[in-house]
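These notes are about the structure you will find just below.
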Amino acid sequence: FVVAEAKVDDEVFIDRATFAMLPPRKASGVDRESPFAIAAMIARPDVFIDQFPLQTVAAHAERVGIRRVRTSMAPLGSSSMAVTPELARERFEILQQYGIALHAQIGSDGVLALKDQIETGIKDYMQTHGVDMFREVEVGNELNYKMSGKEYVDTVLAPSTRAIRAAAPDATILSLGLGGVFPKWVNEFIEANGFDHIDVLSVHPSGFPRSP
């Protein structure tokens, strides 16, 4: 167990976290009935390479009533995680077979690298992958740790929304996945007219230090 102290917006928060070490067992398989083994496979695919096929995951998801999956399977501006448009399309169609909607998270740090080319970059990106894949679009991931609410609206969200609305007028647009709930950041977002650009404010409720 680790006890951490963090200061956010002049407030001090105490958090208690649990960390686990994954054993380096490249030569051995994993027990697919163990939730710890499944977690290890997800966390370290380089070590535990016998991943479940997407069809298996989708079938289980359908069985327990999951209706959408949030994924960065083709993230904008990222070379380390990017897949080909063909592979992204294949995965999208597998999810469709099981009645699961794709909640597409576009960009994280990679989107920031585009700077003043964000609108053009997203437009080209959606055309390359097919606009039907972008029925639910989340613009950025936890960028509230890197920029103010106003800066996010002005430099990332507004140009992204213009591109998405032009390509897919009926798409549901979500804000960045807000890491935790920070009133100061949300107020900046509101004052910058952020809600004019989105349909849904996306929040990661497990984000430290504030959960709704």
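The values are calculated or read from the model by the stated rules, or taken from the named source; none is laboratory data. Just so you know, these numbers come straight off a predicted model, no measurement behind them. As a convention, Cβ positions derive from the backbone with ideal geometry for all residues, glycine included, and neighbour counts pool all protein chains shown. SASA here: full protein model, heavy atoms, side chains in, ligands and nucleic acids out. Shrake-Rupley method; radii C 1.70, N 1.55, O 1.52, S 1.80 Å.
Obtain the nm distance between the two label points defined at residue 86 and residue 146 by a simple spin-label model: each point lies 7 Å from its Cα along the Cα-to-C-beta direction.
If labels sit at residue 86 and residue 146, their model points lie 3.0 nm apart.
In what sequence, largest accessible area first, do 57, 181 appear using a 1.4 Å probe? It would help to have the intermediate numbers written out before the result.
Working: 57 75, 181 45 Å².
So the residues, ranked largest to smallest area, are 57, 181.
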